[in-house]
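Structure first, then comments.
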Amino acid sequence: MSPRELRFERNQRHFRIVNERIAEITADWGGNELSVICECANTGCAARLDIPLDQYDAIRQHPAWYIVRPGHASPRGLEEVLERHGAYDIVEVSSDSVVRPLLTAEQ
């Protein structure tokens, strides 16, 4: 795996962990919408994205799907935009070399 792919994987994994905690707290407090951090590969990005909790839960059913700010999908073919929702896009990590470590880290 290249250094870029390692950085990509690490950044997405870290923000996913943070977002999972935000979702837990929001659900515990009875909220219907949460504000998550963009899960793009840009290590300098900390964009906040508002998303309905049920949509967030649906995305999390797919381990290779991530929530990013529009225009933040990797331009090098590591991701494919699956859906656009105005304030956020849903992307799928398409490189096996990146998806495998992400799936392992979540189990």
Residue under evaluation residue 61, criteria (1) more than 23 Å from residue 27 (Cβ to Cβ); (2) out of contact with any strand residue (DSSP E or B) (no Cβ under 7 Å at 6 or more places or on another chain), criterion not met: (1)
Would you confirm, using the coordinates I've provided, whether residue 69 is touching a Cys at 6+ places or on another chain (Cβ under 8 Å) and not hydrophobic (A, V, I, L, M, F, W, C)? yes
Hits in segment 59-85 - residues which are assigned to a strand (DSSP E or B), crowded, with 18+ Cβ neighbours inside 10 Å and among the aliphatic types (A, V, I, L, M): 67, 68
Identify all residues within segment 36-58 that are under 21 Å from residue 25 (Cβ atoms) and β-branched (Val, Ile, Thr); write none if there are none. 36, 37, 51
Pairing a residue in segment 66-91 that is modelled with pLDDT of 90 or more with any residue that is part of a strand (DSSP E or B) and of a type in the set (Phe, Trp, Tyr), where Cβ atoms lie under 6 Å and the two sit 6 or more apart in sequence or on different chains, gives 90/65; 91/66
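Just the residues that are among the hydrophobic types (A, V, I, L, M, F, W, C) and more than 17 Å from residue 71 (Cα to Cα), please, taken from segment 5-47. Let's see the steps before the verdict.
Just the residues of segment 5-47 that are among the hydrophobic types (A, V, I, L, M, F, W, C), to begin with: 6, 8, 15, 17-18, 22-23, 25, 27, 29, 34, 36-38, 40-41, 45-47.
Across segment 5-47, the qualifying residues are 6, 15, 17, 18, 22, 23, 25, 27, 29, 34.
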Which condition breaks for residue 100 when tested against (1) part of a loop (DSSP other than H, G, I, E, B); (2) at pLDDT below 90; (3) surrounded by fewer than 17 Cβ atoms within 10 Å (Cβ to Cβ)? (1)
Filter result (under 17 Å from residue 50 (Cβ atoms), in a helix (DSSP H, G or I) and not hydroxyl-bearing (Ser, Thr, Tyr)) within segment 25-36: 25, 27
Selection within segment 37-58 - surrounded by fewer than 19 Cβ atoms within 10 Å (Cβ to Cβ) and either at pLDDT below 90 or assigned to a helix (DSSP H, G or I) (or both): 42, 43, 44, 45, 46, 53, 54, 55, 57, 58
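The values are calculated or read from the model by the stated rules, or taken from the named source; none is laboratory data. It should be emphasised that the depicted structure is a prediction, and the values quoted were computed from it without experimental measurement. Heads up, the Cβs are rebuilt from the backbone with ideal geometry, glycines too, and the neighbour counts pull from every protein chain shown.
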